[in-house]
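The values are calculated or read from the model by the stated rules, or taken from the named source; none is laboratory data. The shown structure was predicted, so the numbers you read here are calculated from the model rather than taken from an experiment. Note that each Cβ is placed from the backbone with ideal geometry, even for glycine, and that neighbours are counted across all protein chains shown.
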Amino acid sequence: MLAQFARRLGLFDATMIVMGGIIGSGIFINPHVVATIVHTPLLIFGAWAFGGLIALAGAFIYAELAARRPEVGGQYAYIREAYHPLLAFLFGWGLFLVSTSGGLAAVAMTFARYFIELTGTAFPDWSIAVTALVLLTALNCLGVRTGGTVQSTLMVIKIAAVTFLVVCGYLLVTETKLNFHSVSDSSISFDVLTSFGAALVPVMFAFGGWQTANFIAGEIKEPQKNLPRGLLIGVVGVVLLYLAVNLVSLRALGADGLAQSLAPASEVMRAALGDRGATIIALGIAISTLGFLSQGILTSPRVYYAMAQDGLFFQSVATLHPKTRVPVIAVILQGSFAILVALSGTYEQILSYVVSDDFIFFGLTASCIFVFRRRDGASRQPFATPGHPYTTGIFVLVCVAVVINTIHRYPVNTLIGIAILLTGIPVYFYWKKRY
């Protein structure tokens, strides 16, 4: 008898995986990026608040999808069943080549830089990044319980680090530079609106990742109940943390200071506790990036497993280890490719192609609810998206708007990202013909 996935993750694990997929290094850096695009506290905070609402709307939608189709592979499975295996394959293709591998490589290098800064080691940063990826890949091969425990532990430390930043920034920085006196530094115009849209790109990138928890639905206990709850609790928790971080950053640094600071979290902690504070938050960022790496290596290989089960990837990827009941080949493949990307030094360029591809599939996946509700008829579900079809429709339209605005602001990178996706079409037909 072939090995089956083991349901060993509970509600707490699901929540930590959701939060771990979102909180990486973005919240410690991206407030600066947003402040360079829009220049007043209201627009800066408004971009993060709007991004949080969109993330919450997405969490509601994915919670219903998880309840309706609690299958391994998440988005891949939804798109395959609602539309066509080709579209599902293109999602997995982009995930492997661009989104997950590029993200893991970039975050691994970020971890390496903070590790070197904290320890003073003379090892090159690529060697630290590769070591981290190898160790986390090995840990995730030992079983989903081991991988989940590592992920949950790192996530709790991350939450503590972000909370410490917020508390110190609020209580120990006595002079406030926060002023919500005006919406914009110029009259409201089309350029201001497109700038606000451009500011949403790093915001949505920082909020992204909650959807990856659905990849491991086959290993969560009572997934129709625990996965929707984990999604909602996790996303609400991250939204509150992110808004708090931006509020204390604006309070401590002001809009201009936030725009000028390449490491705003470090500047806030330095203002609160001096150099010791900057060291503490650097340690928190290093642990945060490590947790993000662990989450990516835990979740994404389940998509490649589902693809291989459908005959659309190497057949060895479709096997589970008989003892650990983990797709070991898929995990090793993901870790190895992320290492190759890290060593190539192309990860930053690859990441610039991610946003448009991600939001194409965010919108496409959300629209699956319309298909499933029509197909399933009046059958009752454990969870239903509040306000559907209006909230779902708004989420899809926002995804379309982000893609259009990304094309307008970054046409070359967006077209390259779409071109990478389209290279998957001949690969899909190759696998179809082979199997």
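Of note:
- Here the helices (runs of 4 or more DSSP H) wholly within the stretch 29-123 that include at least 1 residues being farther than 30 Å from ARG374 by Cα and free of Cβ contacts under 8 Å to residues at least 60 places away in the same chain are 100-119.
- Taken together, ILE233, ILE220 contain a single residue that is surrounded by 16 or more Cβ atoms within 10 Å (Cβ to Cβ), of a type in the set (A, V, I, L, M), modelled with pLDDT of 85 or more and in contact with a Lys or Arg (Cβ under 9 Å, 6 or more places away or on another chain), which is ILE220.
- For ALA217, the test of being in contact (Cβ under 8 Å) with a residue 40 or more places away in the chain, of a type in the set (A, V, I, L, M, F, W, C) and under 24 Å from ASN140 (Cβ atoms) is passed.
- Residue, surrounded by the most Cβ atoms within 10 Å (Cβ to Cβ), within the stretch 166-207, restricted to residues that are touching a Lys or Arg at 6+ places or on another chain (Cβ under 8 Å) and modelled with pLDDT of 85 or more: GLY169
- Lone qualifier among ALA77, ALA14, ALA6, ALA66 - being aliphatic (A, V, I, L, M), surrounded by fewer than 20 Cβ atoms within 10 Å (Cβ to Cβ) and within 24 Å of VAL326 (Cα to Cα): ALA6
- Filter pass, PHE292 being more than 27 Å from TYR114 (Cα to Cα) and touching a helix residue (DSSP H, G or I) at 6+ places or on another chain (Cβ under 8 Å): no
- In this entry, LEU11 is excluded by the filter for residues that are out of contact with any helix residue (DSSP H, G or I) (no Cβ under 7 Å at 6 or more places or on another chain) and aliphatic (A, V, I, L, M).
- Residues located in the stretch 313-346, provided they are of a type in the set (Phe, Trp, Tyr) and either surrounded by 23 or more Cβ atoms within 10 Å (Cβ to Cβ) or touching a strand residue (DSSP E or B) at 6+ places or on another chain (Cβ under 7 Å) (or both): PHE313
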